[in-house]
Amino acid sequence: MAQTFESIMKYPAVDEELARKAMEGAVGVVREDLGKFTKKFPSSNSFDGFYEATENVEWTTGFWTGVIWLAYEYTRDEAFKEAAGIQVDSFLERIKNKIDVNHHDMGFLFSLSCVAAYKLTGSEKGKEAALLAADHLAERYREKGKFLQAWGNVGEASEYRLIIDCLLNLPILYWASETTGEKRYAQMAANHIRTAMKCVLREDDSTYHTYFIDMETGEPAYGVTHQGNRNNSAWARGQAWGIYGIALSCHYLKDESYIDLFVRVTDFFIRHLPEDLIPYWDFDFDTGSAEPRDSSAAAIAVCGMLEMVKYLDKARAAKYRDAAYRILYALIKECANTDTEKSDGLLLHGTYARDSRENTCTNRGVDECNTWGDYFYMEALTRVLSDWKMYW
């Protein structure tokens, strides 16, 4: 069944009372988790509902620190501020010593931990770490093609590509330009999203996950999937990264051409939602499928829509806000963790990676919590309850 904006209006929408109740529940879980995850970090995904304690490695640890900062903003409890500050120290050490940073995910790691620390508390350590991360990300910029290389050693022929996820890593470059006055960071970010949208957006408004660039000419070469069901399918989380990433660049670039791109990518996402509004991990699957969901894709999309309504005319803003509020209601009712005996995460029914014949993945975090799903769920609630000033 294809959804429309008219059909989605038949669903209930989140209101302030429900959002506050959900936020109180989420903050309670976060408070319990501080004992395990202050000097350590949660693993990227849960195992049978519970996160394992890890060092500050992989691309996902910043989401947990972002969750702590959101809890601090909501409660103003110094315990959250202290815990997040300890983690900022860890991020400064990580970027100084280049620990597991040979990739583009500096925004995921440092915007939600260190930029947030600087914005909320004036943390000089946070500022230092985030600027070092922006410098590190800038080293991945490839002039031939004008994009940020996602993975592998810079300039490596087999990895000369971008991925749609990187749209959420661009804000740390915009922020670095605002903070230092050096325009080069923002120019790289602006060039990257122009290249990315020229590559990943298909005629039917779905998106490729990853796109290779010709090293000799700098021209787009071909798109494939890494985590989607097949090369020409629409990976749900990738489509959601597109929604939020376009909204963020619209915020920084003040370019109205991004409105049309947002509408195209978002409308595809909404049209392909199943009956309960919680997307499957890939839009190849619809109502009645036995395939797993990815609740994190819904949470990311909600945040993107709620950001983009600031830049739309009144009628369009109402349409996308209404859709976001209904998807968020479904997340609260179907995916919010309300039992800490069964899980220490916030948002159930996520999928990190699902294997298929055409992707390069093995099953990981299938029907589990994941740290980015937890973060974007809590950010979405924060957006409903306040005029939130972004960490991005």
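The values are calculated or read from the model by the stated rules, or taken from the named source; none is laboratory data. Predicted model only: the values in this text are computed from it and were never measured. Note that we place each Cβ from the backbone using ideal geometry, even for glycine, and neighbour counts take in every protein chain shown. Surface areas here come from the heavy atoms of the whole protein model, side chains and all, with no ligands, DNA or RNA. Shrake-Rupley method; radii C 1.70, N 1.55, O 1.52, S 1.80 Å.
Just a yes or no: is a residue in the stretch 28-45 under 19 Å from the mean Cα position of the chain (by Cα), under 19 Å from A129 (Cα atoms), in contact (Cβ under 8 Å) with a residue 12 or more places away in the chain and not in a loop (DSSP other than H, G, I, E, B)? There is at least one residue in the stretch 28-45 that is under 19 Å from the mean Cα position of the chain (by Cα), under 19 Å from A129 (Cα atoms), in contact (Cβ under 8 Å) with a residue 12 or more places away in the chain and not in a loop (DSSP other than H, G, I, E, B). Residues in the stretch 232-239 include none that are closer than 25 Å to K310 by Cβ, within 19 Å of the chain's Cα centre (by Cα) and not in a helix (DSSP H, G or I). Please determine whether any residue of the stretch 364-378 is open to solvent by 30 Å² or more (accessible area, probe 1.4 Å), more than 19 Å from the chain's Cα centre (by Cα) and not aliphatic (A, V, I, L, M). No, the stretch 364-378 contains no residue that is open to solvent by 30 Å² or more (accessible area, probe 1.4 Å), more than 19 Å from the chain's Cα centre (by Cα) and not aliphatic (A, V, I, L, M). Residues considered: D276, D286. Of these, the only one that is part of a loop (DSSP other than H, G, I, E, B), touching a helix residue (DSSP H, G or I) at 6+ places or on another chain (Cβ under 7 Å) and modelled with pLDDT of 95 or more is D276.
All of (1) touching a helix residue (DSSP H, G or I) at 6+ places or on another chain (Cβ under 8 Å); (2) of a type in the set (A, V, I, L, M, F, W, C); (3) crowded, with 24+ Cβ neighbours inside 10 Å hold for I259 with one exception: (3). Scanning the stretch 317-345 for residues that are without any contact (Cβ under 8 Å) to a residue 40 or more places away in the chain and part of a helix (DSSP H, G or I) gives A317, A318, R321, K333. Looking at the stretch 288-299, can you tell me whether even one residue there is open to solvent by 10 Å² or more (accessible area, probe 1.4 Å), within 18 Å of the chain's Cα centre (by Cα) and in contact (Cβ under 8 Å) with a residue 12 or more places away in the chain? For the stretch 288-299, residues open to solvent by 10 Å² or more (accessible area, probe 1.4 Å), within 18 Å of the chain's Cα centre (by Cα) and in contact (Cβ under 8 Å) with a residue 12 or more places away in the chain: present. Could you tell me whether any residue of the stretch 48-64 is open to solvent by less than 30 Å² (accessible area, probe 1.4 Å), out of contact with any Cys (no Cβ under 9 Å at 6 or more places or on another chain) and within 23 Å of Y325 (Cα to Cα)? Yes, there is a match, as at least one residue in the stretch 48-64 is open to solvent by less than 30 Å² (accessible area, probe 1.4 Å), out of contact with any Cys (no Cβ under 9 Å at 6 or more places or on another chain) and within 23 Å of Y325 (Cα to Cα).
Under the condition of being within 23 Å of the chain's Cα centre (by Cα) and either open to solvent by less than 10 Å² (accessible area, probe 1.4 Å) or within 18 Å of A190 (Cβ to Cβ) (or both), the residues counted in the stretch 143-159 number 5. Restricting attention to the stretch 10-33, the residues being farther than 18 Å from I332 by Cβ and surrounded by fewer than 15 Cβ atoms within 10 Å (Cβ to Cβ) number 1. Note on the stretch 65-107: among residues that are of a type in the set (A, V, I, L, M, F, W, C) and assigned to a loop (DSSP other than H, G, I, E, B), the one that is most open to solvent (accessible area, probe 1.4 Å) is I99. Of D205, D135, all but one fail to be in contact with a helix residue (DSSP H, G or I) (Cβ under 6 Å, 6 or more places away or on another chain) and among the acidic types (D, E); the exception is D205. Restricting the first member to the stretch 145-161 and to residues that are touching a residue at least 12 places away in the same chain (Cβ under 8 Å) and over 15 Å from I193 (Cβ atoms), and the second to residues that are assigned to a loop (DSSP other than H, G, I, E, B) and of a type in the set (A, V, I, L, M), the beta-carbon pairs closer than 7 Å and six or more apart or on different chains are A157/M215; Y160/M215; R161/A150.
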